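Data first, discussion second: the structure below is written as structure tokens.
The values are calculated or read from the model by the stated rules, or taken from the named source; none is laboratory data. No experiment lies behind these values; they were computed from the predicted model shown. We place every Cβ from the backbone using ideal geometry, glycine too, and count neighbours over all the protein chains shown. We work out accessible area using only protein heavy atoms, side chains counted, and drop any ligands, DNA or RNA first. Shrake-Rupley method; radii C 1.70, N 1.55, O 1.52, S 1.80 Å.
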Amino acid sequence: MLTQIIAISLGAILTNNFIFSQFLGCCPFLGCSSKVDTATGMGLAVVFVMGLASAICWVIYTYVLVPLGLTFLNTLAFILVIAALVQFVEMFLKKSVPSLYSALGIYLPLITTNCAVLGVVLLNVQNHYNFLESVVYGVTGGLGFMLAIVLFASVRERIAFADYPESFEGFPICLVSAGLLALAFMGFSGMKIV
Amino acid sequence: MNIKKQFKEGLITNNPVLVQLIGMCATMAITTTLFNGVGMGLSVLVILTCCNVVVSAIRKIIPDEIRLAIFVVVIAGFVTIVDLLLQAFIPALSAALGVFIPLIVVNCIIIGRAEAFCQKNTVGASFFDGIFQGLGYTCVLIVMCVVREFLGSGRFGGGLIDVTNGFRFTLDGTGGGIQIFPADYGASILNLPFGGFITLGCLIALMQFALKRSKKKKEEAEKAPQDEEKEVA
Amino acid sequence: MKKIPKLTFILFLICAITAGILGGINELTKDRIAEQNRLKTVKAYSAVLPADDYEEIPLTDALKAAYPSVDKVSRAANGSGYVVESTFSGAQGMITLAVGVNNSFKCTGISVISHSETSGLGANAASSSETGVNWRAQFLGADQNVALKKAGGTIDALAGATITSRTVTEATALSIRLVSELG
């Protein structure tokens with residue numbers, strides 16, 4: 001059991017990183033990574049929502065959709081759950097934890113359309129994970145996203161001072177450097193817990 | 001809004017991937033064979049067109065406060081329909097694209113077009129917008145696939161074309177493609193995630209280069225007659 | 001605040017209509033999808049152990065705990081042996097492998113059902129190219145002690161793909177061991 005959990009975590013953070021090997025969540029990854037501070041905020045918000053969404057969607061899938069034979073509605077159900085969840089989290093944080101809200105608040109609405117969140121709940125179903133495994137996969141997948149976005153933001157802060165062809169201004173140079181980071185993450189492939 | 005202008009916008013000047021810079025996850029993830037690229041592009045085209053038509057048809061009766069929620073429901077509906085149809089009729093494509101078919105729901109292209117275009121335009125205009133934006137997306141996917149497949153494994157049309165018994169199209173993804181040079185000489189790194197990032201980066205850079213150049217030419221063309229006038233004066 | 005019930009109602013209505021339409025489409029495609037999935041399984045399985053049909057057999061909890069990577073075990077309808085399907089971590093991602101085992105606990109063939117290994121290297125384990133076919137042929141007749149040459153066995157690793165080769169070999173050994181425990 002424990003080795004399974006460790007294997008899932010290691011895979012989600014390093015070997016099968018959501019961004020560098022599965023391409024899930026690229027839009028916020030490229031959009032919110034110009035500064036390390038914003039990247040950290042976005043990363044934390046994603047960890048939080050991915051963990052919660054994995055837990056709630058697992059319960060809904062297992063105890064509502066499967067018994068009713070409505071598994072074909074899973075995409076629709078999951079996206080509604082995620083949208084509602086994000087709204088609730090936003091309202092809850094605003095009222096009870098204002099300090100956290102001021103740190104994460106502006107990133108929350110963006111998360112609804114983050115494909116890493118919908119992706120992780122769909123992958124949980126596809127991989128037949130149980131409740132604990134789903135939550136672990138959600139949280140560690142989020143951590144992998146955070147690691148990637150924070151690393152990338154630090155790279156981008158330096159790109160600002162680099163000299164590159166004019167046409168590569170903006171997104172293209174970011175994509176090229178993200179590619180190099182992906183190459184570095186390939187070094188983790190093959191790590192295995194026996 | 002004339003159709004010609006929409007066509008140009010969708011394919012070039014306002015191309016969803018290369019200019020609006022949205023919907024990039026799938027663009028980088030699945031463009032390893034032509035089969036995947038064409039399949040994904042056409043799926044998005046169909047879903048985008050359907051959603052555009054429905055959203056613009058109901059644009060006057062939906063309350064503004066919950067419009068995004070309604071858009072999401074409509075999009076998720078069409079995505080599920082396409083997903084089920086693919087599973088039933090082209091299972092190979094469904095298996096190859098995997099989780100990226102349901103993820104079309106959160107593809108910014110579709111919700112972006114609904115919000116930016118269909119809300120303000122007629123059904124007809126939205127229909128053509130869907131087709132042309134979808135075509136623009138498909139073209140980018142196809143270019144990405146062709147480049148990555150050719151440089152990565154020396155092939156063209158993997159999964160879609162079979163040449164072992166004469167030239168034919170395979171819709172079940174089994175075709176080996178046309179081998180242009182031996183796969184061993186290919187830079188197989190382009191088939192990895194790294195290749196996705198780099199290829200898309202270079203494509204966008206190329207687009208920026210071309211757009212900047214055509215803009216400069218236009219400016220020069222506008223300037224030229226003025227200079228002539230001055231000389232005459 | 002008066003607006004909320006009305007908004008909720010509209011949203012609910014749209015959800016209900018969408019769900020209704022999807023239900024209809026699902027009803028139309030359900031049988032075909034099930035048939036496609038069955039065909040896919042039969043096709044993948046018949047490559048490792050020829051038979052017209054396969055019947056899934058339930059595993060005891062003890063076996064499930066001892067072999068966590070095994071997804072399902074099916075018995076060939078003609079009684080020639082079993083097919084074990086397992087999913088495990090390869091070099092790049094999860095690999096799903098079908099292993100055919102005959103009644104004297106020898107491997108009758110392996111087939112990679114899904115994988116995301118490096119194209120041109122680890123992906124050769126699954127490819128229909130000559131390299132792939134020859135590599136998989138090494139497993140014919142192997143017993144539960146099958147191992148890579150590096151580990152003192154008989155299987156040559158694929159060039160540049162030691163990890164993929166090792167995990168596939170280990171999964172094959174595991175599958176044969178599971179069938180021998182089924183008795």
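Only one of B:V79, B:V99 is open to solvent by less than 10 Å² (accessible area, probe 1.4 Å), of a type in the set (V, I, T), more than 9 Å from chain C (Cβ to nearest Cβ) and under 22 Å from B:G23 (Cα atoms); which?
Answer to the check: B:V79.
So if I check each of B:G166, B:G124, B:G136, B:G186, which one is under 17 Å from the mean Cα position of the chain (by Cα) and away from chain A (no Cβ under 14 Å)?
Result of the check over B:G166, B:G124, B:G136, B:G186: B:G136.
Checking the condition at pLDDT 85 or above, open to solvent by less than 50 Å² (accessible area, probe 1.4 Å), under 25 Å from B:T33 (Cα atoms) and not hydroxyl-bearing (S, T, Y), which residue from C:V73, C:V101, C:V112, C:V179 passes?
Checking each option against the conditions leaves just C:V112.
Consider B:M24 carefully, then state whether it is facing chain A (nearest Cβ under 10 Å), within 30 Å of B:G176 (Cβ to Cβ), crowded, with 19+ Cβ neighbours inside 10 Å and under 13 Å from the mean Cα position of the chain (by Cα).
Judged against the criteria, B:M24 is a match.
Restricting the search to the range C:146-169, which residues are open to solvent by 10 Å² or more (accessible area, probe 1.4 Å) and without any contact (Cβ under 8 Å) to a residue 24 or more places away in the chain?
C:L148, C:K149, C:K150, C:A151, C:G152, C:G153, C:T154, C:D156, C:A157, C:T162, C:R166
Out of B:V38, B:V54, B:V46, I need the residue that is within 18 Å of C:L22 (Cα to Cα), within 13 Å of the chain's Cα centre (by Cα), away from chain A (no Cβ under 14 Å) and open to solvent by 10 Å² or more (accessible area, probe 1.4 Å). Which one?
B:V46
Out of (1) hydrophobic (A, V, I, L, M, F, W, C); (2) open to solvent by less than 20 Å² (accessible area, probe 1.4 Å); (3) within 30 Å of A:P172 (Cα to Cα), what's the single condition that is false for A:L65?
Just one mismatch for A:L65, condition (3).
For residues that are within 23 Å of B:D162 (Cβ to Cβ) and in contact with a strand residue (DSSP E or B) (Cβ under 8 Å, 6 or more places away or on another chain), scanning just the range C:122-145, find the one that is surrounded by the most Cβ atoms within 10 Å (Cβ to Cβ).
Step by step, filter the range C:122-145, then rank; the result is C:A125.
Taking the options A:V150, A:V120, A:V155, A:V86, name whichever one is farther than 21 Å from A:L2 by Cα and surrounded by 20 or more Cβ atoms within 10 Å (Cβ to Cβ).
Exactly one residue qualifies, and that residue is A:V86.
Yes/no matrix, rows are residues, columns are (1) among the aliphatic types (A, V, I, L, M); (2) under 22 Å from A:I173 (Cα atoms); (3) open to solvent by 100 Å² or more (accessible area, probe 1.4 Å); (4) away from every other protein chain (no Cβ under 11 Å):
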{"residue": "B:N191", "(1), (2), (3), (4)": "no, yes, no, no"}
{"residue": "B:I198", "(1), (2), (3), (4)": "yes, yes, no, no"}
{"residue": "B:L211", "(1), (2), (3), (4)": "yes, yes, no, no"}
{"residue": "B:K216", "(1), (2), (3), (4)": "no, no, yes, yes"}
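Is the range A:125-147 home to any residue that is within 14 Å of chain B (Cβ to nearest Cβ), crowded, with 23+ Cβ neighbours inside 10 Å, modelled with pLDDT under 90 and under 25 Å from A:F171 (Cβ atoms)?
So far as the range A:125-147 goes, no, none of its residues is within 14 Å of chain B (Cβ to nearest Cβ), crowded, with 23+ Cβ neighbours inside 10 Å, modelled with pLDDT under 90 and under 25 Å from A:F171 (Cβ atoms).
On the basis of being among the small types (G, A, S) and either at the interface with chain C (Cβ under 10 Å from one of its Cβ atoms) or touching a His at 6+ places or on another chain (Cβ under 8 Å) (or both), does B:A92 make the cut?
So B:A92 passes the test.
Quick one: how many residues across the range C:46-70 are crowded, with 21+ Cβ neighbours inside 10 Å and of a type in the set (V, I, T)?
1
If a residue has to be within 20 Å of B:K8 (Cβ to Cβ) and surrounded by fewer than 19 Cβ atoms within 10 Å (Cβ to Cβ) to count, how many in the range B:102-120 make the cut?
Number of matching residues: 3.
Which residue, of C:E117, C:E27, C:E35, is within 14 Å of chain B (Cβ to nearest Cβ), open to solvent by 50 Å² or more (accessible area, probe 1.4 Å) and either under 30 Å from A:Q22 (Cα atoms) or in contact with a helix residue (DSSP H, G or I) (Cβ under 7 Å, 6 or more places away or on another chain) (or both)?
C:E35
Does A:F78 qualify as being over 19 Å from B:I111 (Cβ atoms), within 14 Å of chain B (Cβ to nearest Cβ), touching a helix residue (DSSP H, G or I) at 6+ places or on another chain (Cβ under 6 Å) and assigned to a helix (DSSP H, G or I)?
So A:F78 does not fit the description; no.
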